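Every number here is computed from the coordinates shown, using simple stated rules; none is lab data. All values reported here derive from a predicted model rather than from experimental measurement. Here the Cβ positions follow ideal geometry from the backbone for every residue, glycine too, while neighbour counts run over all protein chains shown.
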Amino acid sequence: MEKKSLLYEGKAKKVYETENEQQLIVEYKDDATAFNGLKKGTVAGKGIINNQMSNRLMQLIEKSGVPTHFIQELSKRETLVKRVRIVPLEVIIRNISAGSFSKRYGVEEGIEFDSPTIEFSYKNDELGDPLLNSYHALALKLATKDEIETIKDYSFRINEILKKIWKECGVILVDFKLEFGKTADGSVVLADEISPDTCRLWDAETKKKLDKDRFRRDLGGTEDAYAEVMSRLTGYLSENR
Ligand code: UDP
């Protein structure tokens, strides 16, 4: 499959059309942004890690019964995916307090929840991705009631799948962001990516941050942290074939 016209260029990825109208090629870049584009930089090798990690995790998620956009990894940075219409909702699942949750509710980072939380934000850069609930999403016609129910169900199932995998890797899954899309036949599938750009991953022993917070907060060692989580996942996969 070959890339044809560039359909879209985002902060961390480029998306190309292919000769198949229902399939797109995603190309992962090393560019990193944070705080709604205010902070810019590059993380060398990030595109390769995010592409490979996202694909491995999506394959495991698919095997567990949640549909994804993944079709085939084409190269280190490129993947063939199903063309979807992205539901303009960012879904955030949290197991442990951190980031905007800690800020919003005035609690320290690292508090383990009795059960995971879900929140939505409206995917809209101009508005700064405002937080909303499912009633707001319905009112704004961002998705139907059934679609929202499916998205919630899939998101919590994905959390259980990912928590278990990362636990085996000695990594705590603190929180993460998901995006869903609708395929031509109207079914909801997991889209976008699952990577250290979109998840908070802490070392289980030391609680060291192994994710994009290293870049956001200028902690240094971002490249090494991404490589570390990828190598742990690779180890897990080779033991669980
Ligand atoms: N996240 C993301 N994209 C966004 C916002 C958040 O991938 O535009 C991820 C982030 O990496 C973290 C989780 O979603 O794993 C929760 O992020 P939070 O709401 O705490 O926001 P942040 O503190 O990152 O601004």
Among the residues of segment 15-34, which ones are among the hydroxyl-bearing types (Ser, Thr, Tyr) and in a strand (DSSP E or B)?
-> Tyr16, Tyr28, Thr33
When every residue in segment 185-195 that is at negative phi and not hydrophobic (A, V, I, L, M, F, W, C) is compared, the one farthest from the ligand (Cβ to nearest atom) is Asp185
Please verify whether segment 115-132 includes one or more residues that are over 27 Å from Lys11 (Cβ atoms) and either within 15 Å of the ligand (Cβ to nearest atom) or of a type outside the set (Ser, Thr, Tyr) (or both).
-> no
Within segment 155-213, how many residues turn out to be among the charged types (D, E, K, R) and part of a helix (DSSP H, G or I)?
-> 7
Of the residues in segment 35-51, how many are away from the ligand (no atom under 14 Å from the Cβ) and either among the charged types (D, E, K, R) or in a helix (DSSP H, G or I) (or both)?
-> 5
Qualifying position, being farther than 24 Å from Ile71 by Cα and either more than 16 Å from the ligand (Cβ to nearest atom) or of a type in the set (D, E, K, R) (or both), among Lys209, Lys164, Lys177, Lys182 | Lys209
Got a sec? Which of Glu126, Glu147, Glu168, Glu160 is crowded, with 19+ Cβ neighbours inside 10 Å and of a type in the set (D, E, K, R)?
-> Glu147
